[in-house]
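Q: One structure follows; several queries about it will come next.
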Amino acid sequence: MTPATVVRLTAVALAIVAVSDVAPQARGHAWLALTALALVYGLACWAFPYGKCRPCKGMGRFHGGLGGIRLCKRCDGSGLKLRAGRKFLNSLRRHARRGR
Ligand SMILES: [Zn+2]
């Protein structure tokens, strides 16, 4: 299990505790932890906007069976993908700029 998977599973568990009656006494702490997690994720997306492209695992290309190479269609051969959180931040920024 990668560290990212552990963080995702923790976030899901916290969300379940925060909105359901599984552990009512821990609900406040769960919301606090979720908020902290969201802030850290937002900062990470601001500092590191790109993640690895998943289909090509950040390589940007695939190797064919006969020694050929073809570029990844998803990332156009860059191996990078804009993270979901950064897309959200960019859309917020666009929205704020349009409002001015
Ligand atoms: Zn790719």
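Just so it is clear, none of the values below were taken in a lab; they were calculated from the coordinates. From a predicted model like this one, the values you see are computed outputs, not experimental measurements. So basically every Cβ, Gly included, is an ideal-geometry build from the backbone, and we count neighbours across all protein chains shown.
Q: How large is ³J(HN,Hα), in whole Hz, for each residue of the stretch 84-91 in order, when computed from phi with the Karplus curve 6.51 cos²θ - 1.76 cosθ + 1.60 and θ = phi - 60°, using x for Gly and Pro?
A: Coupling constants for the stretch 84-91: 4, x, 6, 4, 4, 4, 5, 5 Hz.
Q: Take the alpha-carbon positions of the chain, form their convex hull, and give its projected area averaged over all directions (one quarter of the hull surface) in nm². Each step should come with its number before you reach the end.
A: On the way: hull surface 39.1 nm².
Computed as one quarter of the Cα hull surface, the answer is 9.8 nm².
Q: Seen from all sides and averaged, what is the projected area of the convex hull of the Cα atoms in the stretch 57-100, in nm²? Numbers along the way, then the final one.
A: Working: hull surface 14.8 nm².
Result: 3.7 nm².
Q: What are the ³J(HN,Hα) couplings of the stretch 54-65, residue after residue, when phi is run through the Karplus curve with 6.51, -1.76, 1.60 and θ = phi - 60°? Round to Hz, x for glycine and proline.
A: Computed from phi, the couplings for the stretch 54-65 are 6, x, 9, 6, x, 8, x, 8, 10, 9, x, x Hz.
Q: Which whole-angstrom value gives the distance between the alpha carbon centres of the stretch 1-50 and the stretch 78-100?
A: Rounded to whole Å, the Cα centres lie 21 Å apart.
Q: Okay, moving on. Pull up all non-local amide H partners of residue 61: gap of 5 or more, or a different chain, and H-to-H distance under 5 Å with H placed in the peptide plane.
A: Result for residue 61 returns 72.
Q: Separate question: Convert each backbone phi in the stretch 9-19 into a coupling constant with the Karplus relation 6.51 cos²θ - 1.76 cosθ + 1.60 (shift: θ = phi - 60°), then list the ³J(HN,Hα) values in order as whole Hz, x for Gly and Pro.
A: Going residue by residue, I get 5, 4, 4, 5, 4, 5, 5, 5, 5, 5, 10 Hz, with x marking Gly and Pro.
Q: Please give the contour-minus-distance gain from residue 82 to residue 96: 0.36 nm per residue of separation, less the Cα-Cα distance, rounded to one decimal in nm.
A: Result: 3.0 nm gained on full extension.
Q: While we're looking at this one, here's another question. Treat every Asp and Glu Cβ in the chain as -1 and every Lys and Arg Cβ as +1, leave all other atoms uncharged, and give the resulting dipole magnitude about the Cα centre to the nearest 20 debye.
A: On the way: 18 positive and 2 negative charges, 147 e Å.
Its charge dipole is roughly 700 debye.
Q: For the stretch 50-99, with only Lys/Arg (+1) and Asp/Glu (-1) charged at the beta-carbon, what is the dipole magnitude about the Cα centre, in debye rounded to 20? Before the final figure, lay out the partial values.
A: Values: 15 positive and 1 negative charges, 63 e Å.
In total the dipole reaches around 300 debye.
Q: Tell me, what are the semi-axes, in whole angstrom and largest first, of the equivalent ellipsoid of the stretch 1-46 as set by the roots of 5 times the Cα gyration tensor eigenvalues?
A: Details: eigenvalues 86, 36, 7 Å².
Value: 21, 13, 6 Å, ordered largest first.
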